[in-house]
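Note sheet for the following structure.
The values are calculated or read from the model by the stated rules, or taken from the named source; none is laboratory data. Every value quoted in this text rests on a predicted model; they were computed, and no experiment measured them. Cβ coordinates were reconstructed from backbone atoms using ideal geometry, including for glycine residues, and neighbour counts include every protein chain displayed. Ligands, DNA and RNA are excluded from the accessible area calculation, which covers all protein heavy atoms including side chains. Shrake-Rupley method; radii C 1.70, N 1.55, O 1.52, S 1.80 Å.
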Amino acid sequence: MDCVQPLYKLCGTKTGYRWVIEGDVRACFDKIPHDRLIEAVARRIADTKVLALIRRMLKSGIMIERTLVPSEEGTPQGGICSPILANIYLHQFDEWYSQHYAAPDRKTDQQGYSAWSWRHKKGKNLAAVQMFRYADDWILLIRGTKTQAQDIKEACKLYLCDELGLELSEEKTKITHIVEGFEFLGFRIFRCNRPSNGRKVGVFMRPTDKGLKRVQAKDKAMTTRSSLNDDYVYKIQAINAVICGWANYYRAVNPTETFHKLDRYVWLRLKNWVEKKYKIGPKEVKRQYMHYQPGPKGGRDEFAAQEAGGKWVWRYRATQTKLIYHRPSIKRHWPHPYLEKVKVEHYVLPTLKDMWQGNSVAPEYTANRREVLKRANGTCERCGRATKLTVHHRHRVKWSKKPKQADHQPENMEALCQTCHDKEHRAEQIHRIKQRAEKASL
């Protein structure tokens, strides 16, 4: 989120950043050279054992359909160390950008910052560049002309090819104007210069069409004909979990229009699923399975079901998600939109006195258990069958807020076979159910 939110200010109408280079490295994880990667890691880690371990991990091979394929280059996606190794390797790209295009620190290098700002003012020959990178996804914001953006793109291409051994994808690496919009980290970012279609002038971010289709595909898979035997209550709860999680990811941007599309799609899929499951028409669906849900705007009829305990489960709408306003101005004070302060219930950790430490801590029980097994002489004391035995306490433990410890004396324990032991515990459960029923009737 920290990669996306600064774009609200940088892509505005007053900053002058007009062009965006959407960078895409072709097969980044699969094409990283091992020797150069080890050299990059060795810049900060001098332990030869750690370096040797990383090298062996990279050369261990990849299992593809039960066939071991040798790995001559790249870090396999999904591996334990792959993300951090790729970030270490691409950090050299960050350093190259800082040396050629980034602004010097205003506090530590005031003179250098003044010279940089003078060279990059509007009307000068040099373009101002801002870089945002998350793993192998990166963009460059250009305050200058399209020709300058093309020159910067070629410089990035040459550095990645010559120094890092990586290749830019010509199909996916595009130069886009901010008004046309671009996609970055699952967000569609664009600027509206004129008020139209109900939008104001400014920068807007919303979920991409691919992300919307992906969550719609999940909902479609959950409401197919093969799932007609699923329980209605569980179906609503499962759909709610998917919609709620997806909507919360986009709650810090401008997702209202996309949320309405998703709600209409989910409502239609669930209605058709209920019609097929119970073989009824739309009117019966509304009468039997949709109930009035009060709300701040008068409420509406919504899909709902009642659990066994009497609690109602309502279908969750993406538009119910509370949107949050997150516009950071100073980088070191940026709040995190997903780490809000939530009141946590106080939980007391169990102490050693409350935890079972095993039979070794209770030598008296171990000795008495051995005596009971010796007394049984290998046969069950209930049915007389010679088999593997289990020591059982004859008297039930009284379960309450403070459970009473069982008596470990040999005369209060007996050696039983597995069948008799199961029967005894089954009878104990029936006894407890009867006790609860008697208390409820009083």
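For the stretch 103-155, a residue qualifies if it is in a helix (DSSP H, G or I), modelled with pLDDT of 75 or more, farther than 20 Å from Gly12 by Cα and open to solvent by 60 Å² or more (accessible area, probe 1.4 Å), and the qualifying residues are Gln110, Gln111, Thr147, Gln150, Asp151, Glu154.
Of the residues that sit in the stretch 54-72 and are touching a residue at least 12 places away in the same chain (Cβ under 8 Å) and of a type outside the set (S, T, N, Q), which one is least open to solvent (accessible area, probe 1.4 Å)? Give the steps one after another, and end with the answer.
Taking the stretch 54-72 as the starting set, the residues that turn out to be touching a residue at least 12 places away in the same chain (Cβ under 8 Å) are 54-55, 57-59, 62, 71-72.
With of a type outside the set (S, T, N, Q) added as a condition, the list becomes 54-55, 57-59, 62, 72.
Numbers: Ile54: 28, Arg55: 93, Met57: 64, Leu58: 3, Lys59: 94, Ile62: 65, Glu72: 130 Å².
Among those that are touching a residue at least 12 places away in the same chain (Cβ under 8 Å) and of a type outside the set (S, T, N, Q), it is Leu58.
Residue pairs whose Cβ atoms lie under 6 Å apart, sitting 6 or more positions apart in sequence or on different chains, and linking a residue in the stretch 246-265 that is touching a residue at least 40 places away in the same chain (Cβ under 8 Å) to a partner that is of a type in the set (Phe, Trp, Tyr), are Asn254/Phe204. Yes or no: Val285 in a loop (DSSP other than H, G, I, E, B) and either among the β-branched types (Val, Ile, Thr) or on the phi > 0 side of the Ramachandran plot (or both)? Judged against the criteria, Val285 is not a match.
Would you be able to say whether some residue in the stretch 200-220 is in a loop (DSSP other than H, G, I, E, B) and of a type in the set (Lys, Arg)? Steps first, please.
Of the residues in the stretch 200-220, the ones in a loop (DSSP other than H, G, I, E, B) are 200-201, 208.
From the residues that got through so far, the ones that are of a type in the set (Lys, Arg) too are 200.
For the stretch 200-220, residues in a loop (DSSP other than H, G, I, E, B) and of a type in the set (Lys, Arg): present.
Residue-level analysis places Thr419 among those that are farther than 19 Å from Thr366 by Cα, at pLDDT 80 or above and open to solvent by less than 80 Å² (accessible area, probe 1.4 Å).
The single condition among (1) more than 18 Å from Phe187 (Cβ to Cβ); (2) open to solvent by less than 70 Å² (accessible area, probe 1.4 Å) that Tyr234 does not satisfy is (2). Of the residues making up the stretch 288-319, just one is of a type outside the set (A, V, I, L, M, F, W, C), in a helix (DSSP H, G or I) and either without any contact (Cβ under 8 Å) to a residue 40 or more places away in the chain or open to solvent by less than 30 Å² (accessible area, probe 1.4 Å) (or both), namely Gln288. For the stretch 11-47: of the residues being aromatic (Phe, Trp, Tyr) and within 30 Å of Val179 (Cβ to Cβ), which is surrounded by the most Cβ atoms within 10 Å (Cβ to Cβ)? Checking each candidate, the answer is Trp19. On inspection, Glu171 passes the criterion of being outside any helix (DSSP H, G or I), open to solvent by 50 Å² or more (accessible area, probe 1.4 Å), out of contact with any helix residue (DSSP H, G or I) (no Cβ under 9 Å at 6 or more places or on another chain) and not aliphatic (A, V, I, L, M).
Assess whether Tyr8 counts as being among the hydroxyl-bearing types (Ser, Thr, Tyr), in a loop (DSSP other than H, G, I, E, B), touching a residue at least 40 places away in the same chain (Cβ under 8 Å) and within 30 Å of Pro195 (Cβ to Cβ). Answer is no for this residue.
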